[in-house]
Amino acid sequence: GCLLRGFDIETSGGSTLTEVAMVNCISRGSTSSHGININGTVTKAIFHGVISSANFIDGIVLSGPDELILSACITDDNTGNGLNLASTPTQVLIIGHRAEGNTLSGILIPGATTLTIEGGQFLSNTRSGIECTGSANSCSITGGVYRGNTQYGLFLRGSSLSVSGVISQLNTLNGIHVISVDAGAITGCISEGNGADGMALSSCTNITISGN
């Protein structure tokens with residue numbers, strides 16, 4: 001474990017880091033930058049039990065990792081996003097994350113080949129709980145609470161989508177907003193008390209909705 005006030009890793013000159021791992025670290029109160037910033041060519045990044053809070057920009061920003069595994073982490077009260085995947089990794093697995101009170105989104109994802117999010121709490125972020133703005137070829141979200149976000153609980157874009165067991169409540173716009181998805185299913189979710197629709201689909205085909 002470690003206590004930091006801002007942490008940066010940057011590769012240069014064509015070099016590649018095979019693996020970066022952070023376990024049980026805290027980065028809090030950076031007054032000029034991100035809490036944790038990894039920028040460069042990284043094959044795999046692993047975060048477990050990491051807390052990044054009250055930083056000047058994003059809690060964690062990753063530009064370059066091809067594969068990301070993030071479990072039991074907290075990103076809260078950052079001036080930017082809680083977690084910002086500033087590139088388009090091949091594989092993303094996020095388990096039991098909490099993103100709360102960030103000035104932008106809890107998690108911002110421009111796209112990923114395979115995106116999997118299991119559980120977690122995404123609360124009171126000024127934009128969305130999770131905002132996937134690019135196109136994930138395969139997006140799977142299971143469980144989790146998305147509550148009190150100023151825009152959407154979940155904003156998702158991708159080719160194939162599976163959302164199940166999600167609770168999305170009291171968000172200012174739609175609880176679950178899905179755009180440009182070609183196939184998928186939304187099952188067993190609760191989306192209530194939102195300022196607009198509980199669930200909204202735009203430019204989607206072949207979506208099965210059941211048990212919500």
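Residues in region 20-48 near a label at residue 5, defined as backbone nitrogen under 14 Å from the 7 Å Cα→Cβ point?
27-35
Would you tell me the accessible area of residue 180, worked out with a 1.4 angstrom probe on the heavy atoms of the protein chains, in Å² to the nearest 10?
Near enough 50 Å² of accessible area.
How do 118, 19 stack up against each other in accessible area, from largest to smallest, with a 1.4 angstrom probe?
So, going from the largest accessible area down, we get 19, 118.
On a full-extension model of 0.36 nm per residue, what is the gain between residue 16 and residue 88, subtracting their alpha-carbon distance, rounded to one decimal in nm?
Separation in residues times 0.36 nm, less the Cα-Cα distance, equals 24.3 nm.
Debye sum, Cα scatterers, region 147-212, no solvent: what log₁₀ I/I(0) at q = 0.18, 0.23 1/Å?
The Cα Debye sum returns log10 ratios of -0.56, -0.89.
Summarise the accessible area of the chain (1.4 Å probe, protein heavy atoms) by the percent that is carbon and sulfur.
49 percent
Could you sort 60, 190, 69 by their accessible area in this structure, using a 1.4 Å probe and putting the largest first?
Listed by decreasing accessible area, they come as 190, 69, 60.
Please give the Cα centre distance for region 109-166 versus region 79-96, rounded to the nearest Å.
11 Å
Averaged per residue, what accessible surface does region 54-212 expose to a 1.4 Å probe, in Å²?
Dividing the accessible area of region 54-212 by its residue count gives 35 Å².
How long, wide and thick is region 97-137, going by the Cα atoms along their three principal axes, in whole angstroms, largest first?
29, 19, 8
Among (i) 20.4; (ii) 19.2; (iii) 16.8, find the value of Kirkwood radius over Cα pairs in Å that was calculated from the structure presented, and write down its label.
It is the one labelled (iii).
Please compute the alpha carbon radius of gyration of region 96-212, then divide it by the globular-protein estimate 2.2 N^0.38 Å. Two decimals is fine.
0.92
Given region 13-105, report the % of alpha carbon pairs whose separation exceeds 19 Å.
Here the long-distance tail beyond 19 Å is 34 percent of all Cα pairs in region 13-105.
The values are calculated or read from the model by the stated rules, or taken from the named source; none is laboratory data. Worth saying up front: this structure is predicted, and the values here are computed from it rather than measured. Ideal geometry is used to build each Cβ from the backbone, glycine not excepted, and the neighbour counts take in all protein chains shown. When the accessible area is computed, the model is the full protein with side chains, heavy atoms only, and any ligands, DNA or RNA have been set aside. Shrake-Rupley method; radii C 1.70, N 1.55, O 1.52, S 1.80 Å.
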